[in-house]
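Colleague: My questions all concern the structure below.
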Amino acid sequence: MSNFAATITIIIVVVGAIGLILKKNLLMKLLSLSIVNTATILFFVLVVYRPGDRAPIGPETVSQYADPLPQALVLTSIVINFGVLALSLLFTMVLVKRYHTLDLGKIEKFVKEEFEEEKS
Amino acid sequence: MLILFSLLLLGLALAVLMQERLLNAVILLGVFSLLSSVIYFLVGAPDVAVTEGAIGVAFVTFIYVLALSDQGKLHVIAEEVPPFLFQEKGELQGLELELLRGFAKEVNLELEVEFVASDELNSLIGGRRADVIAGAYFPGYIPEQDLNNTRSFNKAQLSRVVCSEMEGRRTGILPEVEFLKSQKGSEIDMEEESPFKVGEMRRITRHQDLEQEELVRFNSLDRMVDAYNRGEIGAFVADSGRVSNALYKINTPLREKSQIVALGEVEYGFAVSSDESDLLGDLDGYLERLERSDRISELLDKYLR
Amino acid sequence: MIGLLAGVTSYIFAGILSLLFSRYRYWFSLLGWLGASSGLAWSVILFRDSGPVISSLGSWGKLGIDIKIDETTLLFASLVVALNLFTLLYLRGRREGTFYALYNFLLTSVYSVAFAHDLFNLYVTIEFMSLVAILLIGYERKAYQIYAGAKYLLISSLAMSLYLIGLGLVYRVGGYLRIGELARSLEGNTGFSLTLGLGLMVAGLAVKGGIFLFSMWLPDAHSYSETVVSALLSGMAIKSGLIGIIRLSELVDWGQLLLVLGAVTGIMGALFALMSDRPKKVLAYSTISQVGYILLGIGTGTSAGILAASLHLLFHGLFKALLFLSVGAAGVGGKDISGAEDLSLPFTSKAGLLVGSLSIMAIPPFNKYFSKALLAEQVNQEWVWLVMLAMGLGTAMYTLKLNWALIVESRTEEFSKNDPSVGAFTVAVALSGFVAWVMLGTTNTVHLFALNHLAVYISIPLVGGLVLLGFGKRFSELSPPSFPFKLDNAMISLFFGFVLIEIILLIV
Amino acid sequence: MEMDNFSFSVKKTFTVIIVSLFGGLTISAVFLGRSPDTARIGRLYLERGFELENISNTVFGVYGMFRFYDTLLELMIFSTAVLGITIFSDLEPSTRTRGEQMIESHVVTASASFLYPIMAVFGLYLAFSAHLGPGGGFAAGVIGGSGILFLALSKGAEEMGRRFNEHTMKRVEYIALVFAMLAMVLGILFPKLIFEDLQGIGVIIVVNMAIGLKVFIGTWAILHFFVKHRGEV
């Protein structure tokens, strides 16, 4: 059963990745990236989950508890993803301030023009 | 239970990606995180659930919302052209202001007007910087494909101001008019009285006149009038709204020697970024209703006559 | 353990202190370098006494995080320390406290990648590296830098998600994260789940490691950022991804996969470098090309092959950083070299370019000759030989093109513009070949200096020069396509590359 | 227009196919893989974790003790993000005029000033009790930092900037980081001494508080930046 849940998280990753590639709006790209990252983390926990696992708190017999390692690792990656998000939002802000648009195609065009201008 | 929640999560992910308005998408993303936090509780990972709840649900959503927090506004960028849209004693005034204010009220947005130079209009529209271009705007002036023009609310003369003593000098021109000059080949014969269609632009009839002269381009009306006053140019071409505006600024002796020659007909309207088709429809509908209720001619009487 | 801790803590302290007391930022960074190099020295002594060491941080035994000290670790850590020293000399106190903080954090992350021997620790250190790298890329706030940084950020975050998915699959099958234990647990297991998981992890690392199809962000990021940053990124930051791949190769026999990837990377990189006409762009594409050699080395699967790859990793870091710094010190990085008569370079930059170019063309006795010859010995498939020959030819051609413009055609500036740090670095890179000679010992090198070897390695640049004379005009008309390097397309090519990896792993 | 001759629909189809292939492969790997119940490191963690009397939350044991090095690097990543934000914080704020107060509604103001101390207390509680139940320094810091947002809501951004002097905060933040790092070095060099002989508990709480403080200030810095530049995107 946890296999099915893990499968669904992979589908969410696929959906998010397609959004990440096809959305033209930079902020929508960031939202898609957030979806991909959240689903990945969820996958990491779900893929080792066995039905009936309990939270690894409190000393009782070992076999009933969920594997604590993925949970501990996932805490780290949540923070990492947050760092990525904060920085990408910051960079988006700087780009928007400069070019007044969120459209990636336009930004790419402007960036190229500006680079050619500065270096020639 | 787990699968049910996972499916719900998938649905939410799709919903986030399908949102047109960014703010809605962000809020749905918060719900998405909340739901994943619930799933962590279900699978015996309360630590992760608490952290995801604190960071994913609260903090990330806050940041996104803060970054987006002026979404409920209608950003208008415009060149300052009295009596269409201008600032007097720190207050906005003008014909277009009344139109836009009414529209903003109708669609429940807060109106925000930013005055920019006319050559900046192009770079500012689109994205989230500006929604509407106004300020005695000719539909089609900015030759970007991703701009949609609304129907027009008024038509006007395109006129040339000539000083009889300065024959043979160069002619000043504004970028807007220069655009019309480039529209050759699509000119409409004024003799043939085709029925006037709203939203369609009349071309200059005698634009060949402009072709033969030596033209100087100015980015703002003020600078062009200054040059006219100093005698650097012998004539200039502008639309009637701007011409009447310019006449105030021309020195009195020069003004008496100037005469106005009609060149053709143009229209005033607004432009909307092409990724906002809803806004275009709303604005068009609003203008059409105004026209039918004769409110627009009242306004025209008030400001232009 | 002490080696790692000394480096990491001294770098982190140097970073934090240069933020808090920015007046003494330069001295803190020097102290950081001192700490790291003493940590490295400690590790070298340990390695000499007892060979490769794997130890658990905090003596938690099986429960802790493993670190490993072997040839790869030491070579990479010495690259970090060396580049640290020379870039620090190049900076000479320029730049603000925040820059030094980021600089030291970058060194922290890369230094700790060298020691990592735990799959999740690898993930964390590499993510740390890329976050700092992104801030350094966008540090000057030029819009194109910010764009390049954002591109790197999005692609690498996506890639690390793939890595994490792969890690989940591998952990479910293997049950461990420490590579040594995991290798034992996975022995004989060739299940689909494992293959796919490892494929995902390689795809994730490949994005960081500058492999063609995966690292399409690289040319922009490395050529748009400022010179020191370019040198650090091209020289050592992308190597952390490759270190990851070296570590993963302990788990599984990759077969032909890395050879194919290496061949594609090497040839495409050289081709694009040949078409570019701005020095920094040429060097950025050249980095992609040189990564090809490292992959070929890992792909041979022998321990000598991995040693060759690690040596190449070190040498490439040295000469590429030297080339970037020479070009940057002369301020010609972004200029078009077709109009090189108008450019003027100081003498040190020209000398640096010359030594760097001789190295990159693998002319004996410059450093790359040793790693390349060692690698060639390990290769036993004919097509790989041909690929290496083609890569050598391409390298020679773009290097000669660059040299012709920047050394011969350009003017030489007056003495005062010379940069002593570039001069010192030039001497160090020139001497590093002899160090390699001594290190590899007489048995290997006698063999390497056989006449037929020498003939091959000297004739490749000659042939390259001749081809360039014949077809040079043709090449300068071309320019590399911008199409695959756009954000969306780069992400598509990442997934495409992953599917390709899986196909190769499953079929071949 | 810049898509060369690669039209958008081709790109769309190609993307969907390639990414779905990736998804299909991964999903089949999920179903084909077996998870061995024995010989996993997770069981060892549970056994060893429950042996330690002071720590009943094994997850905390993993990231707070056995793998503290990772946690420290994670903290460095967070610091880097905060550093990035502060580097860019001198970007000129938006030129357009905006209301000083984010939300004027009295209900929000009242409830925010009521919620803020509650969140602060909750954050402190999480930092203190991470070894016993869910929580930990990180979540604690973020919750406390979000409490600051509520303070900003009730008192306005200006007041928030005044109450938390940027310069002092930065110093406290880095001192907290140095503290956590020293703890790591000690914990790695003398794990037995700190975690077993000294009963660990005091050290753990202090380390958690240090992490919580650092994250709290980092959260504050990020929020301050985004409040200052709100509506930029």
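The values are calculated or read from the model by the stated rules, or taken from the named source; none is laboratory data. Since the model is a prediction, treat every value here as computed from it, not as a measurement. A quick note on method: Cβ atoms are made from the backbone with ideal geometry, for glycine too, and the neighbour counts reach across all protein chains shown. Just so you know, the surface numbers come from the protein's heavy atoms only, side chains and all, with ligands and any DNA or RNA stripped out. Shrake-Rupley method; radii C 1.70, N 1.55, O 1.52, S 1.80 Å.
Colleague: With every protein chain present, what accessible area does residue C:67 have (1.4 Å probe, heavy atoms only), rounded to the nearest 10 Å²?
Modeller: The value for residue C:67 is about 0 Å².
Colleague: Which ³J(HN,Hα) values in Hz, rounded to whole numbers, follow from the phi angles of the range B:6-12 under the Karplus curve 6.51 cos²θ - 1.76 cosθ + 1.60, where θ = phi - 60° and Gly and Pro get x?
Modeller: Coupling constants for the range B:6-12: 4, 5, 4, 4, 4, x, 5 Hz.
Colleague: Over all residues in B:2-8, what is the mean tally of Cβ atoms on other chains that come within 10 Å of each residue's Cβ? Mind showing how you got there, number by number?
Modeller: Working: counts 9, 6, 1, 2, 12, 4, 1.
Across the residues of B:2-8, the mean count of other-chain Cβ atoms within 10 Å is 5.
Colleague: Oh, and also: Suppose each label sits 7 Å from its Cα in the direction of the beta carbon; what would the residue D:132-residue B:15 distance come out to in nanometres?
Modeller: Reported label-point gap for residue D:132 and residue B:15 is 3.8 nm.
Colleague: Taking amide H atoms as placed 1.01 Å from N in the peptide plane, list the residues 5 or more away in sequence, or in a different chain, whose amide H sits under 5 Å from that of residue B:156.
Modeller: Here B:266, B:267, B:268 satisfy the definition.
Colleague: If you don't mind, another one. Quick one: if the Förster radius is 30 Å, what FRET efficiency do residue B:93 and residue B:252 give, using the C-beta to C-beta distance and rounding to 0.05?
Modeller: Numbers: r = 26 Å, r/R0 = 0.86.
The calculated FRET efficiency here is 0.70.
Colleague: Right, another one. With a 1.4 Å probe and all protein chains left in place, how much accessible area per residue does the range C:213-370 have, in Å²?
Modeller: Values: 2840 Å² over 158 residues.
Ligands and nucleic acids excluded, the result is 18 Å² per residue.
Colleague: Ignoring ligands, DNA and RNA, how much accessible area is buried between chains C and D, both sides summed, with a 1.4 Å probe, to the nearest 100 Å²?
Modeller: Chains C and D together bury approximately 5600 Å².
Colleague: To the nearest whole number, what is the average tally of beta carbon atoms from other chains within 10 Å of the beta carbons of peptide C:481-488? Don't skip to the end; give the middle numbers.
Modeller: On the way: counts 1, 4, 5, 0, 1, 7, 8, 12.
For this peptide, the per-residue mean of nearby foreign Cβ atoms is 5.
Colleague: Summing both sides, how much accessible area is buried between D and A? Use a 1.4 Å probe and give Å² to the nearest 100. Please report the intermediate quantities before stating the final value.
Modeller: Values: alone 15260 and 8880 Å², together 19840 Å².
Buried area between the two chains comes out at roughly 4300 Å².
Colleague: What whole-number distance in Å separates the alpha-carbon centres of the range A:84-120 and the range C:208-244?
Modeller: 20
Colleague: Quick check: from the Cα gyration tensor, does chain C come out rounded (a/c under 1.5), prolate or oblate?
Modeller: Details: a/c = 1.39, a/b = 1.18, b/c = 1.17.
Rounded is the answer for chain C, as its axis ratio a/c remains below 1.5.
Colleague: What does the accessible area per residue of the range B:2-67 come to in Å², with a 1.4 Å probe and no ligands, DNA or RNA counted?
Modeller: Spelled out: the 1.4 Å probe surface of the range B:2-67, per residue, equals 32 Å².
Colleague: With the cut-off at 1.5 for a/c, could you classify the range B:2-67 from its C-alpha gyration tensor as rounded, prolate or oblate? Before the final figure, lay out the partial values.
Modeller: Details: a/c = 4.80, a/b = 1.31, b/c = 3.66.
Oblate is the answer for the range B:2-67, as a/c is 1.5 or above yet b/c matches or exceeds a/b.
Colleague: What is the magnitude of the charge dipole of the protein assembly as shown about its Cα centre, with +1 placed on the Cβ of each Lys and Arg, -1 on the Cβ of each Asp and Glu, and no other charges, expressed in debye to the nearest 20?
Modeller: Values: 90 positive and 106 negative charges, 566 e Å.
Magnitude of the dipole: close to 2720 debye.
Colleague: Roll a 1.4 Å probe over the protein heavy atoms and report the accessible area of residue B:223 in Å², nearest 10.
Modeller: My reading of the accessible area for residue B:223 is about 140 Å².
Colleague: A further question on this structure: Tell me, what is the percent relative contact order of the range B:2-67, built from C-alpha pairs under 8 Å that lie six or more residues apart?
Modeller: 31
Colleague: Same structure, new question: How big is the protein assembly as shown by the Kirkwood estimate over distinct Cα pairs, in Å? If you can, show how the numbers build up before the last one.
Modeller: On the way: mean 1/r = 0.0311 Å⁻¹.
Roughly 32.1 Å, rounded to one decimal.
Colleague: May I pose another question? Using the Karplus curve 6.51 cos²θ - 1.76 cosθ + 1.60 with θ = phi - 60°, work out ³J(HN,Hα) for each residue of the range D:75-82 in order, rounded to whole Hz, and write x for Gly and Pro.
Modeller: Coupling constants for the range D:75-82: 4, 5, 5, 4, 4, 4, 4, 5 Hz.
Colleague: Give me the percent of accessible area attributable to carbon and sulfur for the protein assembly as shown, probe 1.4 angstrom. If you can, show how the numbers build up before the last one.
Modeller: Numbers: 24890 of 41430 Å².
Using a 1.4 Å probe with all protein chains present, the protein assembly as shown comes out at 60 percent carbon and sulfur.
Colleague: Using the Karplus curve 6.51 cos²θ - 1.76 cosθ + 1.60 with θ = phi - 60°, work out ³J(HN,Hα) for each residue of the range D:217-224 in order, rounded to whole Hz, and write x for Gly and Pro.
Modeller: Result, rounded to whole Hz: 5, x, 4, 4, 4, 5, 4, 4.
Colleague: In addition: Please give the charge dipole size of chain C, origin at the Cα centre, charges +1 on K and R Cβ atoms and -1 on D and E Cβ atoms. Round to the nearest 20 debye.
Modeller: Numbers: 31 positive and 27 negative charges, 149 e Å.
Around 720 debye, computed over chain C.
Colleague: Can you list the DSSP H helices in chain A whose Cα atoms extend at least 27 Å along the helix axis and whose mean Kyte-Doolittle hydropathy is 0.0 or higher? Working shown, then result.
Modeller: Details: long enough: A:2-22 (30 Å, 2.33); A:26-46 (30 Å, 2.04); A:68-99 (46 Å, 1.51).
Within chain A the helices that satisfy the rule are A:2-22, A:26-46, A:68-99.
Colleague: Charges on Cβ only, +1 for Lys and Arg, -1 for Asp and Glu, centred on the Cα centroid of the protein assembly as shown; of C:321, C:292, C:31, which one is farthest towards the dipole's positive end?
Modeller: Projecting each Cα onto the dipole axis, the largest value belongs to C:31.
Colleague: Hey, another quick one. Residue B:301 versus residue B:116, label points 7 Å from Cα toward the beta carbon: distance in nm?
Modeller: In this crude label model, residue B:301 to residue B:116 measures out at 3.7 nm.
Colleague: Report, by chain and number, residues whose modeled amide H sits under 5 Å from the one on residue B:68, excluding near sequence neighbours (fewer than 5 apart, same chain).
Modeller: D:231
Colleague: Please list the non-local residues whose amide H lies under 5 Å from the amide H of residue C:175, H modeled 1.01 Å from N, same-chain partners needing a gap of 5 or more.
Modeller: Answer set, sorted by chain and number: none.
Colleague: Follow-up question, since we're still on this one. List, by residue number, every residue in the range C:129-158 with a reduction of 40 Å² or greater in accessible area between the chain on its own and the complete protein assembly, 1.4 Å probe.
Modeller: Hits at the 40 Å² cut-off: C:131, C:135, C:141, C:143, C:144, C:146, C:147, C:153, C:154, C:157, C:158.
Colleague: Charges on Cβ only, +1 for Lys and Arg, -1 for Asp and Glu, centred on the Cα centroid of the protein assembly as shown; of D:188, A:6, C:242, which one is farthest towards the dipole's positive end?
Modeller: Highest projection toward the positive end goes to D:188.
Colleague: Are any of the pairs C:151/C:239; B:155/B:302; A:23/D:11; C:208/C:372; A:24/A:112; C:320/C:368 more than 21 Å apart by Cα-Cα distance, and if so, which?
Modeller: Over 21 Å apart, Cα to Cα: C:208/C:372.
Colleague: Let me ask something else about it. Using +1 at the Cβ of each Lys and Arg and -1 at the Cβ of each Asp and Glu in the protein assembly as shown, identify which of C:371, C:17, D:216 lies farthest towards the dipole's positive end.
Modeller: C:371
Colleague: Shifting gears a bit: Using a 1.4 Å probe and counting only protein heavy atoms, how much accessible surface gets buried when A and C come together, both sides summed, in Å² to the nearest 100?
Modeller: Details: alone 8880 and 19500 Å², together 24560 Å².
Chains A and C together bury approximately 3800 Å².
Colleague: Need the C-alpha centroid separation for the range C:59-111 versus the range C:334-353, integer Å.
Modeller: Going from one Cα centre to the other spans 31 Å.
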